[in-house]
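The values are calculated or read from the model by the stated rules, or taken from the named source; none is laboratory data. Everything quoted here is computed from the prediction, not taken from an experiment. Ideal geometry is used to build each Cβ from the backbone, glycine not excepted, and the neighbour counts take in all protein chains shown.
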Amino acid sequence: MTKNDDGLDADLLAARSEASALFAAAARNDQAGVTAQLHCLAAATALRAPSGPVPATADAADPDRLVEQALHILGELEPEDFAHPDVLAAARHGRRALRARR
């Protein structure tokens, strides 16, 4: 298991980065309402991970689908990794973003 400077293993950091990128893409999406965009931005920020580039096609995707994909990634984490306060905060913001769109 490879750890970074913050003590996070590489797989956990990759999952955080991917989820963060998806939340960021949903936040940029014009189809998302302002409240949903703010929650997505908060979720991306809460993960404290560098988000990799998201293909431009992701910006055109349904923002709910992007958020659902990000939440799925977080949900697949090991329980001790999901229990980190920043991951829990990101998941809460993601759920709020979905509720804001309905």
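For the range 56-77, residues that are more than 17 Å from HIS39 (Cα to Cα), modelled with pLDDT under 95 and either surrounded by 16 or more Cβ atoms within 10 Å (Cβ to Cβ) or touching a helix residue (DSSP H, G or I) at 6+ places or on another chain (Cβ under 8 Å) (or both) total 2. Being crowded, with 17+ Cβ neighbours inside 10 Å and part of a loop (DSSP other than H, G, I, E, B) holds for only one residue in ALA49, ALA25, and it is ALA49. The set of residues in the range 29-46 being surrounded by 21 or more Cβ atoms within 10 Å (Cβ to Cβ) and hydrophobic (A, V, I, L, M, F, W, C) consists of ALA32, ALA36, CYS40, ALA43, ALA44, ALA46.
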